[in-house]
Structures are given as structure tokens and as C-alpha cells.
Amino acid sequence: MIPTRSRGEKYYGYWEDTKPGKIEAAVHVSNVLNLLALILFFFVIFSPFTVWSINSAIDGRFGTGPFVSSSSTQDWVCDGSEWCGSNNSTRIPAQWNIWSIVANSQTACSNGTNIYSDWSKPYGFCEKVDGEFKVIPKILAIQSFQILGFIFILFATCAGCSVRYSRSSGVFFAATLTFVAMVSTLASFSLMATTMWYQDLRSSKGTYLPVFSGDGRLYAMPVHSWNYGAAFGLVIVCWVWTLFAFIYYIYLGRLINDELDERSAKFEAETTDNETSASKFYDVVEKQDVVQS
């Protein structure tokens with residue numbers, strides 16, 4: 001029987017007897033790497049531990065991140081030092097402050113505490129007393145790159161999962177999206193490493209962290225010698241995973257193209273053989289008809 005396969009089946013290399021191959025299965029390795037990076041990015045975005053420190057005196061952890069201006073895990077009472085005034089009863093509660101909370105506090109640019117002179121003004125969050133609080137451009141850029149990285153990793157994973165039907169085009173599209181995510185991730189942790197406030201938090205000279213008191217006033221708490229936290233390390237891990245995923249997507253996309261070329265050549269050979277067989281068959285039938293007539 002002469003096998004019949006449509007030109008569409010030849011073009012896509014998707015024949016009825018084709019089962020998922022090893023190459024197609026291997027694409028999901030990159031998908032898994034991207035999925036893991038996606039999960040880590042979710043933690044990074046909501047984590048206050050880009051730069052952090054443990055204060056053994058109050059048994060609390062303090063930290064900051066691109067989306068969280070400051071956080072602390074322990075309630076404590078200021079000891080009456082200069083930064084929180086002479087009132088020994090100033091309570092600093094455990095807190096988790098995203099940037100909008102600081103911006104809407106109405107005290108971030110005020111002279112009522114040391115927040116303006118020690119933190120808001122020197123780092124460019126406020127231009128004048130009682131002015132408008134604005135998140136500095138570098139932190140906004142870090143936020144943007146991390147959101148872009150999250151979105152493109154999500155789309156890349158979806159594109160890679162379509163390999164059974166989209167074949168190499170889907171894989172190369174996933175590679176492109178992964179590359180954009182990789183670049184966004186690289187830009188993100190590069191900016192985190194060069195932002196002046198983060199650098200000062202890690203220096204022995206020290207700087208300040210914005211914290212709210214129990215009565216809602218914003219203070220600049222002096223800190224020094226902090227360390228890069230888990231969120232910063234996970235951004236680097238995400239970059240490494242997306243790098244491997246990108247390289248593997250490109251490699252497997254080329255292998256899939258080679259496989260499709262091989263299938264196409266096999267189809268052409270079968271078609272040529274069948275056409276030759278059919279031609280010989282019809283020649284014999286015509287000769288038999290001539291003899292019988």
C-alpha cells in the first residue's frame with residue numbers, strides 16, 4: 001500500500017506515528033530551570049532581605065529591599081539616644097514598610113525628627129522640607145528590572161512547554177524571552193550592588209534606616225556593616241539558571257531542526273520511492289491493457 005502523508009505533516013514533522021522524542025523531553029529541563037527561577041523571583045520581589053543585619057541586642061532582624069523600604073522583626077524601645085530624641089519610652093514596633101507607606105506617611109520629608117536631615121535629603125528622596133517624597137531612580141529601576149524578569153521568565157516557560165506543537169520555533173521564542181529575563185536579572189543585581197544607600201548600609205561608616213515609631217513618626221535609625229541578604233543571592237541564582245536555560249534552549253532548538261530535516265528527507269525519499277513504484281505499476285497495467293486489446 002502506498003503511504004500517504006500530507007505536505008503539512010511533512011512541513012511540521014508531525015506525523016501520526018511520531019511520539020515525543022528525547023529532544024522534546026530535554027526541552028523541559030530548561031522549562032524546569034525557568035520555573036524554579038520564577039519561584040525564586042517571587043520571593044525576591046516580596047523580600048526585605050536584599051541587605052540585612054541581625055541586632056543581637058534586641059534579638060531582631062532588620063532589612064531592606066527594592067520593594068520594601070525597611071523591616072524589623074522585633075518590638076523594642078529606643079534607649080534615648082540622639083536619633084530618637086531624649087524620650088526613653090519611644091517604642092519601635094516590628095514593621096514591614098513598602099515604599100508607598102513611607103511616601104504616604106507625611107513625615108518622610110519633615111523636620112520633626114532626624115529623618116529628613118540624615119536620610120531623606122542626603123539620598124535624594126526629598127528635595128526640600130515638607131516636600132514630596134519620591135523613590136530614587138535607581139531603586140525604581142531595580143523594581144522595573146525585577147518585574148520584567150519575572151514576566152519574561154513566566155512567558156518563556158509557557159513558550160517552552162509548547163514544544164510538542166510549536167517545535168523549534170517555540171523553543172527559539174522561549175530562548176529569546178529567557179535572554180531578556182537574563183539581561184533584566186543581570187541589570188537588577190548590578191544596580192543593587194552600585195546603589196549608594198545599599199553600599200553605605202554595608203560600610204563600616206554606616207548610614208540610616210527609616211523606621212516608624214509606635215506613634216507613627218518616621219525616624220532615621222543609625223546602622224552599619226550590614227550584609228547582602230538572601231534576596232540578593234537568589235537574584236544571582238536566578239541569573240545563573242536563566243543563563244543555562246537560554247543556552248540549552250538554543251542547543252535543543254538546533255537539534256530539533258536537524259531532526260525535522262532528517263524526517264523531511266526521509267519523507268521525500270519515501271515519496272520518491274512510492275511515486276516510482278506507482279509509475280512502474282501503472283506502466284505494467286497499461287501494457288496489460290494493450291496486450292488484452
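The values are calculated or read from the model by the stated rules, or taken from the named source; none is laboratory data. No experiment lies behind these values; they were computed from the predicted model shown. Here Cβ is always computed from backbone atoms with ideal geometry, including for glycine, and neighbour counts include all displayed protein chains. Side chains are part of the model used for accessible areas, which takes the heavy atoms of the whole protein and leaves out ligands, DNA and RNA. Shrake-Rupley method; radii C 1.70, N 1.55, O 1.52, S 1.80 Å.
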Which order do Met221, Met196 take when ranked by solvent-accessible area (1.4 Å probe, heavy atoms of all protein chains), largest first? Met196, Met221
Residue-wise HN-Hα coupling along the range 118-124, computed from phi with Karplus coefficients 6.51, -1.76, 1.60 (Hz; x: Gly, Pro): 9, 9, 4, 6, x, 9, x
What is the distance, in nm, between label points placed 7 Å from the Cα along the Cα-to-Cβ direction at Arg254 and at Ala26? 1.2 nm
So for R0 = 41 Å, FRET eff. of Trp83-Val237 from the Cβ-Cβ r, to 0.05, ends up at 0.70
